[in-house]
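Notes to accompany the following structure.
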Amino acid sequence: MIEIHRYTAAYHRDWNDFVSESSNGTFLFLREYMEYHADRFTDYSLLVYDGNKLLALLPANRSGDVLYSHAGLTYGGLIMTTRNTTAQVLEIMRSIADFLKKERFVKWVYKCIPHIYHRYPSESDLYALFRLEARLIGRNISSTVQLDKPLRLRADRRSRMKKAEQAGLRVVETTDFSPFWKVLDANLQERFHVKPVHSLDEIELLHSRFPDRIRHFVTMRGDEILAGSVIYDTGIVAHAQYTSASAEGKASGALDLLYARLIGEVFADRKWFDFGQSTEDMGRYLNEGLIAQKEGFGGRGVAYDIYEITL
């Protein structure tokens, strides 16, 4: 018989162990990552049991009478293992919906985990969403390179990369995030009047917790940082969480050299290199200039879907 338990610190080890053995979980679902912004969200994560057997997890937060899975993460659906059959996943999703009704929720907003993050096919939840009559309310588009068969860089990208090489620019990995954060913050303020989702203190904290998963690369000319990228490495996907360049960096081809090195050398043995989303307003606005840049490096579309279930 399926039982739903709310997460508490007593489940910390069971939660993390399950994420590590799951077929579609990443380090973003480990409690040490999820709880860095615990002050911004009311955690309402759920564990699904059959007796003493843990079947699945749902990273989630509550906002009023709506459950979000999870508003503080780029993706965050049902975490499962290869032991979960489709019929069982359907039963689990129905059980969660029934539990949420009893807890007086009226809606459940569900962010799917894109297939590129799956270690083994794990889309039974999409079928369950269909059966629960979920409504697609958002579809963001990301640009992803298949690293065992990368497309050739567009001619202008190759030209810029060679220009950067000839100018003696070099790509290095560093654990000092501060210089790049100044470039990133200035660009975001100028173009969008916003700040990075993570503050400098937060990204340094997360890096200290996940030094092998959160990596930082910069393109330099002498001691000057011209461009940089923070990469979230799941072991399957190398995801560009943040990327930015100064005006001189853009003109000198620093960003082109950086991406060429990351795709062709540093993460060449991963399955995917994901540039991230180029959409806003739940996918209703496409930044064509931004996505054209990513597609110039061989990125092609992967959907990040968001559903709403009326309870």
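Nothing in this text is a laboratory measurement; each read-out follows from the coordinates by a stated rule. If you're wondering where the values come from, they're calculated on a predicted model, not measured in any experiment. So basically every Cβ, Gly included, is an ideal-geometry build from the backbone, and we count neighbours across all protein chains shown.
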Query raised in the report: Given charges of +1 on the Cβ of Lys and Arg and -1 on the Cβ of Asp and Glu, with all other atoms neutral, how large is the dipole of the range 55-210 about its Cα centre, in debye to the nearest 20?
Result: 580
Report task. Rounding to the nearest 20 debye, state how big the charge dipole of the range 1-123 is about its Cα centre with +1 on each Lys and Arg Cβ and -1 on each Asp and Glu Cβ. Result -> 240
Report task. May I ask you to derive the relative contact order of the chain, considering only C-alpha pairs under 8 Å and at least 6 residues apart, and to give it as an integer percent? Result -> 23
**Report entry** Rounded to whole Hz, the Karplus (6.51, -1.76, 1.60) HN-Hα couplings of the range 43-48, x for glycine and proline
**Finding:** 5, 9, 5, 10, 10, 10
Query raised in the report: Taking the chain as a Gaussian network, where each spring joins two C-alpha atoms under 10 Å apart, which residue of Leu255, Leu100, Leu67 fluctuates the most?
Result: Leu100
Requested in this report: Can you tell me the 0 to 90 degree angle between the C-alpha axis of helix 86-102 and the longest principal axis of the chain, rounded to 10?
Outcome: 80
Report task. Calculate for the chain the 222 nm mean residue ellipticity that helices alone would give, adding -39,500 (n - 2.57) per DSSP H run of length 4 or more and normalising by residue count, nearest 500 deg cm²/dmol. Result -> -9000 deg cm²/dmol
Query raised in the report: By the scheme Lys and Arg +1, Asp and Glu -1, what is the net charge of all other residues having a beta-carbon under 13 Å from that of His115?
Result: -2
**Report entry** Total formal charge among the other residues, if their Cβ is under 11 angstrom from that of Gly235, Lys/Arg +1 and Asp/Glu -1
**Finding:** +1
Requested in this report: With a 10 Å radius around each residue's Cβ, average the other Cβ atoms per peptide and rank 215-221, 247-253, 162-168, highest first.
Outcome: 215-221, 247-253, 162-168
Report task. Report, in whole Å, the centroid distance computed from the Cα atoms of the range 102-128 and the range 46-76. Result -> 10
**Report entry** Highest-MSF residue in the chain out of Leu57, Leu28, Leu132 [GNM, Cα springs under 10 Å]
**Finding:** Leu132
Report summary line: For the chain, the count of lysine pairs 8 or more apart or interchain whose alpha-carbon atoms are under 17 Å apart comes to 7
Query raised in the report: So for the chain, taking the charge dipole from beta-carbon charges (+1 Lys/Arg, -1 Asp/Glu), which of Thr219, Ser278, Leu78 sits furthest toward the positive end?
Result: Ser278
**Report entry** Mean-position separation - Cα centroids, the range 13-34 and the range 175-222, in angstrom
**Finding:** 24
Query - Residues with amide H under 5 Å from that of Arg300, placed H, sequence gap 5 or more - result: Thr144, Val145
Query - Ile137 long-range amide H proximity, modeled H, under 5 Å - result: Ile306, Tyr307, Glu308
Requested in this report: Run through the DSSP bridge list for the chain and note the antiparallel percent, rounded to the nearest 5.
Outcome: 90
Report summary line: With +1 at each Lys and Arg Cβ and -1 at each Asp and Glu Cβ, the charge dipole magnitude of the chain around its Cα centre, to the nearest 20 debye, comes out at 760
Report task. Go ahead and set up a Gaussian network model of the chain, Cα springs under 10 Å, then flag whichever of Arg213, Arg135, Arg83 fluctuates most. Result -> Arg83
